[in-house]
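The values are calculated or read from the model by the stated rules, or taken from the named source; none is laboratory data. As the structure is a computational prediction, the values presented were derived from the model and not from experiment. For neighbour counting, all protein chains shown are included, and Cβ atoms are generated from backbone atoms with ideal geometry for every residue, glycine included.
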Amino acid sequence: MLRALRSKRLLLELIVAVVMCALSSGCDVGGKARDTALWPTIDTAWPNVKYDAQHGGAEAETLTAYEIAIETRDAQTVVLDWPPIKSAALTGIINQQQAGEIAIGVGDSKRERVSNFDAAVRAASRDPQLE
Amino acid sequence: MQDDIKAMFEGMFEEMKASLRGDVQALANYAAERTAHLSTLVGQAGFDQAVIAERDNVALRAGIKAVAQADAIDARRVELISRLLAIAAMAIAKL
(Lines give C-alpha, C1' and ligand atoms only; values in the text may rest on other atoms or scores of the structure.)
Protein backbone atom coordinates (compact mmCIF):
# COMPACT_ATOMS: atom_id res chain seq x y z
CA MET A 1 0.00 0.00 0.00
CA LEU A 2 2.90 2.28 0.86
CA ARG A 3 4.37 1.52 -2.54
CA ALA A 4 1.12 2.39 -4.31
CA LEU A 5 0.86 5.65 -2.39
CA ARG A 6 4.45 6.54 -3.28
CA SER A 7 3.84 5.80 -6.94
CA LYS A 8 0.70 7.99 -6.94
CA ARG A 9 2.59 10.73 -5.16
CA LEU A 10 5.35 10.60 -7.79
CA LEU A 11 2.76 10.79 -10.53
CA LEU A 12 1.07 13.76 -8.87
CA GLU A 13 4.44 15.49 -8.58
CA LEU A 14 5.01 14.87 -12.26
CA ILE A 15 1.59 16.29 -13.11
CA VAL A 16 2.27 19.39 -10.99
CA ALA A 17 5.65 19.84 -12.73
CA VAL A 18 4.07 19.57 -16.20
CA VAL A 19 1.28 21.97 -15.24
CA MET A 20 3.76 24.47 -13.81
CA CYS A 21 5.83 24.29 -17.01
CA ALA A 22 2.74 24.61 -19.17
CA LEU A 23 1.59 27.66 -17.22
CA SER A 24 4.96 29.40 -17.33
CA SER A 25 5.70 31.99 -20.00
CA GLY A 26 8.69 29.92 -21.16
CA CYS A 27 6.20 27.53 -22.73
CA ASP A 28 4.57 30.30 -24.79
CA VAL A 29 5.13 28.68 -28.18
CA GLY A 30 2.90 31.15 -30.05
CA GLY A 31 4.85 34.13 -28.75
CA LYS A 32 8.15 32.55 -29.70
CA ALA A 33 6.89 31.72 -33.19
CA ARG A 34 5.83 35.35 -33.66
CA ASP A 35 9.21 36.61 -32.49
CA THR A 36 11.38 34.20 -34.41
CA ALA A 37 9.37 33.29 -37.51
CA LEU A 38 6.72 35.91 -38.25
CA TRP A 39 8.20 39.32 -37.38
CA PRO A 40 11.45 38.66 -39.30
CA THR A 41 9.43 37.91 -42.46
CA ILE A 42 7.42 41.11 -41.93
CA ASP A 43 10.75 42.97 -41.57
CA THR A 44 11.97 41.49 -44.84
CA ALA A 45 8.81 42.15 -46.85
CA TRP A 46 8.08 45.62 -45.48
CA PRO A 47 10.53 47.69 -47.62
CA ASN A 48 9.00 46.13 -50.75
CA VAL A 49 5.42 46.73 -49.60
CA LYS A 50 6.45 50.26 -48.67
CA TYR A 51 7.81 50.80 -52.19
CA ASP A 52 4.41 49.88 -53.64
CA ALA A 53 2.59 52.07 -51.11
CA GLN A 54 4.83 55.01 -52.05
CA HIS A 55 3.76 54.54 -55.67
CA GLY A 56 0.16 54.60 -54.47
CA GLY A 57 0.50 57.99 -52.82
CA ALA A 58 0.99 56.98 -49.17
CA GLU A 59 2.42 59.85 -47.16
CA ALA A 60 6.03 59.60 -46.05
CA GLU A 61 5.10 60.37 -42.44
CA THR A 62 2.54 57.57 -42.37
CA LEU A 63 5.06 55.09 -43.74
CA THR A 64 7.77 56.20 -41.30
CA ALA A 65 5.39 55.85 -38.35
CA TYR A 66 4.39 52.39 -39.59
CA GLU A 67 8.03 51.39 -39.97
CA ILE A 68 8.69 52.39 -36.37
CA ALA A 69 5.69 50.34 -35.25
CA ILE A 70 7.16 47.29 -37.04
CA GLU A 71 10.62 47.88 -35.59
CA THR A 72 9.24 48.20 -32.07
CA ARG A 73 6.97 45.16 -32.56
CA ASP A 74 3.93 47.27 -31.73
CA ALA A 75 1.44 44.69 -33.03
CA GLN A 76 -1.65 46.76 -32.27
CA THR A 77 -0.46 49.77 -34.28
CA VAL A 78 0.80 47.53 -37.06
CA VAL A 79 -2.68 45.99 -37.41
CA LEU A 80 -4.73 49.15 -36.92
CA ASP A 81 -2.66 51.40 -39.22
CA TRP A 82 -2.38 48.80 -41.97
CA PRO A 83 -5.64 49.28 -44.00
CA PRO A 84 -4.79 52.66 -45.63
CA ILE A 85 -1.25 51.47 -46.38
CA LYS A 86 -2.69 48.31 -47.92
CA SER A 87 -4.96 50.41 -50.16
CA ALA A 88 -2.03 52.61 -51.18
CA ALA A 89 0.11 49.54 -51.96
CA LEU A 90 -2.62 48.07 -54.20
CA THR A 91 -3.08 51.42 -55.94
CA GLY A 92 0.70 51.67 -56.32
CA ILE A 93 0.81 48.30 -58.07
CA ILE A 94 -1.86 49.42 -60.54
CA ASN A 95 0.05 52.68 -61.12
CA GLN A 96 3.27 50.77 -61.85
CA GLN A 97 1.41 48.54 -64.31
CA GLN A 98 -0.18 51.51 -66.06
CA ALA A 99 3.19 53.24 -66.29
CA GLY A 100 4.60 50.12 -67.95
CA GLU A 101 7.13 49.59 -65.17
CA ILE A 102 5.85 46.11 -64.43
CA ALA A 103 3.94 43.48 -66.38
CA ILE A 104 0.49 42.29 -65.31
CA GLY A 105 1.87 39.00 -63.98
CA VAL A 106 4.44 40.87 -61.90
CA GLY A 107 1.56 42.91 -60.49
CA ASP A 108 -0.13 39.62 -59.55
CA SER A 109 2.98 38.58 -57.60
CA LYS A 110 2.98 41.90 -55.79
CA ARG A 111 -0.74 41.71 -55.02
CA GLU A 112 -0.18 38.25 -53.59
CA ARG A 113 2.50 39.73 -51.35
CA VAL A 114 0.12 42.43 -50.12
CA SER A 115 -2.39 39.68 -49.33
CA ASN A 116 0.22 37.65 -47.43
CA PHE A 117 1.46 40.74 -45.62
CA ASP A 118 -2.13 41.45 -44.63
CA ALA A 119 -2.46 37.95 -43.14
CA ALA A 120 0.93 38.29 -41.43
CA VAL A 121 0.13 41.56 -39.66
CA ARG A 122 -3.15 40.06 -38.45
CA ALA A 123 -1.33 36.96 -37.19
CA ALA A 124 1.17 39.19 -35.40
CA SER A 125 -1.60 40.33 -33.11
CA ARG A 126 -3.16 37.94 -30.65
CA ASP A 127 -6.23 40.04 -30.22
CA PRO A 128 -9.07 38.14 -31.93
CA GLN A 129 -10.86 41.42 -32.55
CA LEU A 130 -7.90 42.71 -34.54
CA GLU A 131 -7.27 39.45 -36.42
CA MET B 1 -3.93 6.48 -14.33
CA GLN B 2 -0.54 5.98 -16.07
CA ASP B 3 -2.38 4.51 -19.05
CA ASP B 4 -4.70 7.53 -19.21
CA ILE B 5 -1.77 9.93 -19.25
CA LYS B 6 0.14 7.82 -21.81
CA ALA B 7 -2.90 7.66 -24.10
CA MET B 8 -3.47 11.40 -23.72
CA PHE B 9 0.12 12.27 -24.71
CA GLU B 10 0.15 9.75 -27.57
CA GLY B 11 -3.10 11.13 -28.96
CA MET B 12 -1.81 14.68 -28.82
CA PHE B 13 1.52 13.82 -30.45
CA GLU B 14 -0.23 11.97 -33.27
CA GLU B 15 -2.54 14.92 -33.84
CA MET B 16 0.40 17.33 -33.87
CA LYS B 17 2.40 15.15 -36.26
CA ALA B 18 -0.50 14.93 -38.72
CA SER B 19 -1.12 18.65 -38.52
CA LEU B 20 2.57 19.52 -39.03
CA ARG B 21 2.82 17.14 -41.99
CA GLY B 22 -0.23 18.77 -43.57
CA ASP B 23 1.17 22.26 -43.12
CA VAL B 24 4.59 21.35 -44.54
CA GLN B 25 2.90 19.81 -47.57
CA ALA B 26 0.67 22.86 -48.04
CA LEU B 27 3.70 25.14 -47.88
CA ALA B 28 5.60 23.01 -50.39
CA ASN B 29 2.60 23.14 -52.74
CA TYR B 30 2.37 26.91 -52.34
CA ALA B 31 6.09 27.35 -53.12
CA ALA B 32 5.72 25.17 -56.22
CA GLU B 33 2.67 27.18 -57.33
CA ARG B 34 4.50 30.49 -56.93
CA THR B 35 7.58 29.17 -58.74
CA ALA B 36 5.38 28.07 -61.62
CA HIS B 37 3.85 31.55 -61.77
CA LEU B 38 7.31 33.13 -61.70
CA SER B 39 8.47 30.96 -64.61
CA THR B 40 5.77 32.55 -66.78
CA LEU B 41 7.18 36.02 -66.13
CA VAL B 42 10.74 35.55 -67.40
CA GLY B 43 11.72 38.46 -69.63
CA GLN B 44 8.72 40.60 -68.70
CA ALA B 45 8.96 44.11 -67.30
CA GLY B 46 9.75 44.06 -63.58
CA PHE B 47 10.73 40.37 -63.49
CA ASP B 48 13.36 41.09 -60.82
CA GLN B 49 10.63 42.61 -58.64
CA ALA B 50 8.47 39.52 -59.13
CA VAL B 51 11.36 37.33 -57.91
CA ILE B 52 11.57 39.40 -54.72
CA ALA B 53 7.77 39.39 -54.31
CA GLU B 54 7.61 35.59 -54.61
CA ARG B 55 10.47 35.19 -52.14
CA ASP B 56 8.50 37.37 -49.72
CA ASN B 57 5.31 35.41 -50.44
CA VAL B 58 6.78 32.04 -49.47
CA ALA B 59 8.55 33.48 -46.41
CA LEU B 60 5.41 35.27 -45.18
CA ARG B 61 3.27 32.18 -45.73
CA ALA B 62 5.79 30.08 -43.78
CA GLY B 63 5.74 32.60 -40.92
CA ILE B 64 1.94 32.60 -40.83
CA LYS B 65 1.82 28.78 -40.81
CA ALA B 66 4.42 28.65 -38.03
CA VAL B 67 2.32 30.96 -35.87
CA ALA B 68 -0.86 29.00 -36.58
CA GLN B 69 0.90 25.77 -35.58
CA ALA B 70 2.36 27.37 -32.46
CA ASP B 71 -1.04 28.75 -31.44
CA ALA B 72 -2.50 25.28 -31.92
CA ILE B 73 0.22 23.87 -29.64
CA ASP B 74 -0.63 26.50 -27.04
CA ALA B 75 -4.31 25.58 -27.29
CA ARG B 76 -3.40 21.92 -26.79
CA ARG B 77 -1.31 22.96 -23.79
CA VAL B 78 -4.40 24.46 -22.16
CA GLU B 79 -6.32 21.27 -22.93
CA LEU B 80 -3.48 19.22 -21.48
CA ILE B 81 -3.52 21.23 -18.26
CA SER B 82 -7.23 20.72 -17.76
CA ARG B 83 -6.96 16.99 -18.45
CA LEU B 84 -3.96 16.60 -16.14
CA LEU B 85 -5.75 18.50 -13.41
CA ALA B 86 -8.78 16.24 -13.82
CA ILE B 87 -6.55 13.15 -13.53
CA ALA B 88 -4.83 14.64 -10.49
CA ALA B 89 -8.17 15.39 -8.87
CA MET B 90 -9.27 11.80 -9.38
CA ALA B 91 -5.98 10.49 -7.99
CA ILE B 92 -6.28 12.73 -4.92
CA ALA B 93 -9.84 11.56 -4.38
CA LYS B 94 -8.65 7.95 -4.35
CA LEU B 95 -5.84 8.57 -1.82
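For this structure, a couple of remarks:
- Considering the range B:37-73, and only residues there that are assigned to a helix (DSSP H, G or I) and farther than 23 Å from A:Asp118 by Cβ, the residue that is nearest to the other protein chains (Cβ to nearest Cβ) turns out to be B:Ile73.
- Only listed residue being at pLDDT below 95 and out of contact with any helix residue (DSSP H, G or I) (no Cβ under 7 Å at 6 or more places or on another chain), chosen from A:Ala65, A:Ala103, A:Ala37, A:Ala4: A:Ala4
- Evaluation of B:Val78 against the conditions (1) within 9 Å of chain A (Cβ to nearest Cβ); (2) within 28 Å of A:Val106 (Cβ to Cβ) shows that the sole unmet condition is (2).
- Hits in the range A:29-76 - residues which are surrounded by 15 or more Cβ atoms within 10 Å (Cβ to Cβ), acidic (Asp, Glu) and closer than 21 Å to B:Ala66 by Cβ: A:Asp74
- Taken across the range B:5-16, residues that are within 21 Å of the chain's Cα centre (by Cα), more than 7 Å from every other protein chain (Cβ to nearest Cβ) and modelled with pLDDT of 90 or more do not occur at all.
- Residues being within 20 Å of A:Glu101 (Cα to Cα) and within 29 Å of the chain's Cα centre (by Cα) - total across the range B:26-54: 8
- Enumeration of residues in the range A:112-126 that are in contact (Cβ under 8 Å) with a residue 12 or more places away in the chain and surrounded by 16 or more Cβ atoms within 10 Å (Cβ to Cβ): A:Arg113, A:Val114, A:Asn116, A:Phe117, A:Asp118, A:Ala120, A:Val121, A:Arg122, A:Ala123, A:Ala124, A:Ser125
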